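One structure is given here, and the rest of the page talks about it.
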Amino acid sequence: MNTFSNRVIKWHGKSGRKDLPWQIDKNPYKVWISEVMLQQTQVNTAMPYFNAFMERFPNIGILADSSIDDVLSYWSGLGYYARGRNIHKTACILKNDYSSSLPCSLIELESLPGIGRSTAGAIYSLGFNKSAPILDGNVKRVLSRHKRINGILKKTATINKLWKISEELLPSKNHEIYTQGIMDLGATVCTRSNPNCSLCPVEQDCLARIHDEATLLPNRGPSKKKKEKEVFWLIPKDENDNVYLEKREEKGIWGGLWSFIESDGEEELNKIFKIKFRSNKSSIKKYKEIEHSFSHYDLKAKVFIVSLKGKPTTKTNTESIWTNSKELQSIGTPKPIQKLITEMSQHG
Ligand code: SF4
């Protein structure tokens, strides 16, 4: 029988994806940005972000010379903002230490912020056509099924086993096509809930298919109930419909992004308002409640609003701005915040 890799390479020639935006005039930079975007984002969602990102930051030098705010504004809505911050940090390192290029070395790639073993492998094979294993979500699924690996996916022993298999299956040439092929196989044929085994080039010796266990693998372990978190947000608004935002600390889920004043209680929110806006009377009013889902918890935000007269002055150690829906494009804000500001400007 033809080797696993040869079958995947041949299949890619006929059925693989060849016109994704990052595949057109491909280079290591485009591979890097697309791989990071695709770490937690679906291809269709990532495509418009990738195109806009490339138009604004066509090369590593321009990316490194841009402000982090500018970079995060192009990440707004994609989520997992640490990815955007790491891309900017890495671009600065590449500009200073690597003449604004990505190094053609797996070890050096892996040493850069935000580039783990699988992303390094993808850049090395797709960007430089060199031999390296990858283990993204699609590949984990294909290999777990093909070799019938039953261990819980989160466990280190299972991951180590999959890395070993990924290494063992590598071809001796056509590295780029093979990597793209196995990724595409997972994305388009060996899909999560509906694998189309009759179209699969490695169906013949796929152990999960033979044992009729394809949809049972990979083993994700028992599903945990998501935690819930409640927060209180305050939107101070001036007479010209500008709203007040503060920059969140670097760490945390929306680190470095512009967001509303946040606390864990209404009373606390009132106190913060009085201190920040040097006001004795409180006029904060309940506006609405919103919900937003993260991968690890569900957020419920109780949103309050306060209308301020004249030119409000503030006392705060945090970086802050007054902004409006038109100016939002130029700063990094999380999607629910963007949505609220846009909605308020429409309803006055
Ligand atoms: S035969 Fe089916 S389960 Fe096995 S790798 Fe192919 S699509 Fe996946």
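Bear in mind that the values in this text are calculations on the coordinates, not laboratory data. These figures come from a predicted structure and were not determined experimentally. Using ideal geometry, Cβ is built from the backbone for each residue, glycine included, and neighbour counts are taken over all protein chains shown.
For the reader, a short list of remarks on this structure follows.
- Measuring nothing but how far apart in sequence close Cα pairs (under 8 Å, 6+ apart) lie, relative to its length, the chain scores a relative contact order of 18 percent.
- One Cα centroid belongs to segment 217-239, the other to segment 135-200; the line between them spans 30 Å.
- Anisotropy class assigned to the chain is prolate, per the alpha carbon gyration tensor with a/c at or over the 1.5 cut-off and a/b larger than b/c.
- Net charge over other residues, Cβ less than 11 angstrom from the Cβ of Glu246 (K, R count +1; D, E count -1): 0
- Within segment 145-229, trypsin sites (Lys or Arg not before Pro) in DSSP loop having at most 13 other beta-carbon neighbours inside 10 Å: Lys154, Lys155, Lys173, Arg192, Arg220, Lys224, Lys225, Lys226
- Nearest-ten-degree value, helix 335-347 long axis tilted from longest Cα axis of the chain: 50
- In percent, rounded to a whole number, the relative contact order of segment 125-278 is 23, using alpha-carbon pairs under 8 Å and six or more apart.
- Qualifying lysines (Cα of each under 17 Å from Cα of Lys229; at least 8 residues distant if same chain): Lys288, Lys300, Lys302
- Antiparallel bridges, percent of DSSP beta bridges restricted to the chain (to nearest 5): 60
- Given the chain, longest segment not containing exposed loop GluC sites (Glu not before Pro) (DSSP; at most 12 other Cβ within 10 Å): 1-238
- Positive minus negative residues near Asn2 (Lys, Arg vs Asp, Glu; Cβ under 13 Å): 0
- All other residues whose Cβ lies under 15 angstrom from that of Ala214 are scored, Lys and Arg at +1 and Asp and Glu at -1, for a net of +4.
- For segment 228-347, the relative contact order works out to 35 percent when only alpha carbon pairs closer than 8 Å and six or more residues apart are counted.
- Within the straight-line cut-off of under 16 Å between alpha carbons, the aspartates and glutamates reachable from Lys95 are Asp65, Glu108, sequence neighbours fewer than 8 places apart in one chain being disregarded.
- Helix axis angle, 4-15 relative to the chain longest principal axis, alpha carbon, degrees: 70
- The angle between the Cα long axis of helix 43-56 and the main principal axis of the chain comes to about 70°, on a 0 to 90 degree scale.
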